[in-house]
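Where a number appears in this text, it was derived from the coordinates with a stated rule and is not lab data. Predicted model, so just to flag it, every value in this text is computed and none were measured. Because the Cβ atoms are built from the backbone with ideal geometry, glycine has one as well, and the counts that use them run over all protein chains shown.
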Amino acid sequence: MQLKFLPSFVKRKGRITKKQTQSLTSLSEFSVKSIQEVEYISKQFDKCYLEIGFGNAENIICQATNEPSSLFIGSEVYMSGIGTLVSNIKENKINNIRIFSDDIRLLLDQRPKKVFDSVIIICPDPWPKEKHHKRRLINKSFLKMIHDFMKDDSNLYISTDWENYAESISESFKVNKLFKPSSHKPFQKDSLSKFERRGIEEGRELFEFNYEKLL
């Protein structure tokens with residue numbers, strides 16, 4: 001079967017605990033399948049945030065707990081991270097998180113609806129080898145795609161610990177002219193994520209992008 005999008009991730013089996021596996025049996029209770037579903041649920045909340053690639057769910061759990069009046073949509077493809085998030089949702093009775101467990105572009109490959117007040121992408125897969133750069137998620141076409149689903153004056157935050165990816169991201173923003181730099185960060189970031197910490201520990205610099213949507 002021909003894929004519509006060039007994969008920006010590799011679904012490795014990886015390690016998954018018994019607890020994560022058990023939690024995944026409840027995934028359907030917290031899942032969203034369409035942008036229409038996101039729009040419907042978001043009407044019950046003051047704001048709607050999208051985090052793409054939430055990893056081990058550190059950030060989305062923290063933000064959802066600190067801001068219960070906002071809806072958080074978390075997108076992730078790795079079952080271990082999804083299992084961790086579902087487990088936390090159930091244990092802490094968090095009612096403002098929903099999960100899209102597939103390539104985020106499949107959710108955004110629908111009729112655009114302006115539903116997101118902020119979009120957060122922390123350390124997307126860097127695909128460090130030059131021959132794989134075409135697989136990187138952040139590019140001109142993806143920024144156009146996400147732009148169409150963001151509310152007016154909404155914010156986009158991206159971080160990466162790979163310098164050449166940061167250069168590519170910066171160039172993509174310049175070319176499409178759909179966003180402008182902003183001093184406003186769309187969320188309170190009190191700590192680094194697992195992947196941000198790893199990058200710094202391995203001697204890489206953390207690059208952050210705060211942008212505001214232009215009409």
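What to note about this one:
- Shape of the chain, Cα gyration tensor, a/c cut at 1.5: rounded
- Inter-part distance, the stretch 79-121 to the stretch 153-215, computed on C-alpha centroids, equals 20 Å.
- Fraction of beta bridges assigned by DSSP in the chain that are antiparallel (%, nearest 5): 30
- Where labels lie 7 Å past Cα in the beta-carbon direction, separation of Leu215 and Ser34 in nm: 3.0
- Loop-located GluC sites (Glu not before Pro) in the stretch 162-215 whose Cβ has at most 14 other Cβ within 10 Å (DSSP): Glu202, Glu205
- With at most 10 neighbouring Cβ atoms within 10 Å, loop trypsin sites (Lys or Arg not before Pro) (DSSP) excluded, longest segment of the chain: 44-92
- For the pair His184 and Lys18, the difference between a 0.36 nm per residue extended length and the Cα-Cα distance amounts to 55.7 nm.
- Fully extended contour minus Cα-Cα distance, from Lys47 to Asn66, at 0.36 nm per residue: 5.5 nm
- Residue pairs, from the table Lys140/Lys180; Lys129/Lys213; Lys33/Lys113; Lys43/Lys180; Lys47/Lys151; Lys33/Lys93, whose Cα atoms sit over 20 Å apart: Lys129/Lys213; Lys43/Lys180; Lys33/Lys93
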